[in-house]
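Here the structure comes first, spelled out in structure tokens, and everything after it is commentary.
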Amino acid sequence: MKGATTKTILLVDDDRLITEPLARALNQAGYMVWTANNGRAGLQIALEKKPDVVVLDVLMPHMDGWEVCGTLRQQSAVPILMLTALGDEVDRIHGLELGADDYLVKPFSTRELMARLSALLRRVELDRAHRPPNDCLEIPPIKLDLKTRRTFKHGRELQLRFKEFEVLSLLMSRPGEAVTRAELFDQVWGTDWLGDTRTLDVHIRWLREKVEDDPGRPHHIQTVRSVGYRFALPRPAP
């Protein structure tokens, strides 16, 4: 990767035994890498440098990874990969709720990290490549601005996480059609996704809480039993 095509990675971890060898490996793979050894510095670099991906540890001084993730997500749609030594499912789900796109439990191999980063970057590129010509998807009352990644319901803006937006845009690009779970994973997370398959169900639940009038009885995002999900066509006018 050279010049304008070089992808940028921000590593935020207080353990130099992790960041230094990872930075060397990523540089050798063609990435430009910035590092920070505490959460506050990492957040500042992320907002100023606008990297293509942020790799973020959880347990850090000054500001932990949860706070950095939540604060960053309020201002940026950058893909976030969380690094954690915590194996509890609750902690992994907490990271996703704050807006992280993926997680990796320590200890991990450099090869696995590279695979996760490649998958995140491919998802971003595919999202850009498959935008409609007018950069807009609209099925009343939901409207997506694909260029700015903004979502509206009845004109009121909704705050969606990175992967929530990708799931919703894929479903809305094929209204009334059942999209299989396998295709959702392929298009949104990538065929080399190594995480928990329940991640999709979590994201669907979050989306319903935001786009549905009654999340317990969803109209827009419907479950197609044993297949996947569909975004329903608009209700006919009375």
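The values are calculated or read from the model by the stated rules, or taken from the named source; none is laboratory data. In this text, all values refer to a predicted model and were calculated from it rather than measured experimentally. All Cβ positions, even for glycine, are placed from backbone atoms using ideal geometry, and neighbour counts span all protein chains on display.
Going through segment 1-40 one residue at a time, which ones are touching a residue at least 24 places away in the same chain (Cβ under 8 Å) and of a type in the set (G, A, S)? Across segment 1-40, the qualifying residues are A25, A29, G30, A36, G39.
For G87, the test of being at pLDDT 85 or above and over 17 Å from the mean Cα position of the chain (by Cα) is failed.
Condition check ((1) surrounded by fewer than 17 Cβ atoms within 10 Å (Cβ to Cβ); (2) free of Cβ contacts under 8 Å to residues at least 60 places away in the same chain; (3) part of a helix (DSSP H, G or I); (4) in contact with a helix residue (DSSP H, G or I) (Cβ under 9 Å, 6 or more places away or on another chain)) across all residues:
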{"residue": "F152", "(1), (2), (3), (4)": "yes, yes, no, no"}
{"residue": "L160", "(1), (2), (3), (4)": "no, yes, no, yes"}
{"residue": "K163", "(1), (2), (3), (4)": "no, no, yes, yes"}
{"residue": "S169", "(1), (2), (3), (4)": "no, yes, yes, yes"}
{"residue": "E183", "(1), (2), (3), (4)": "yes, yes, yes, yes"}
{"residue": "D186", "(1), (2), (3), (4)": "yes, yes, yes, no"}
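In contact with a strand residue (DSSP E or B) (Cβ under 6 Å, 6 or more places away or on another chain) and of a type in the set (D, E, K, R): is that true of D52 in this structure? Yes.
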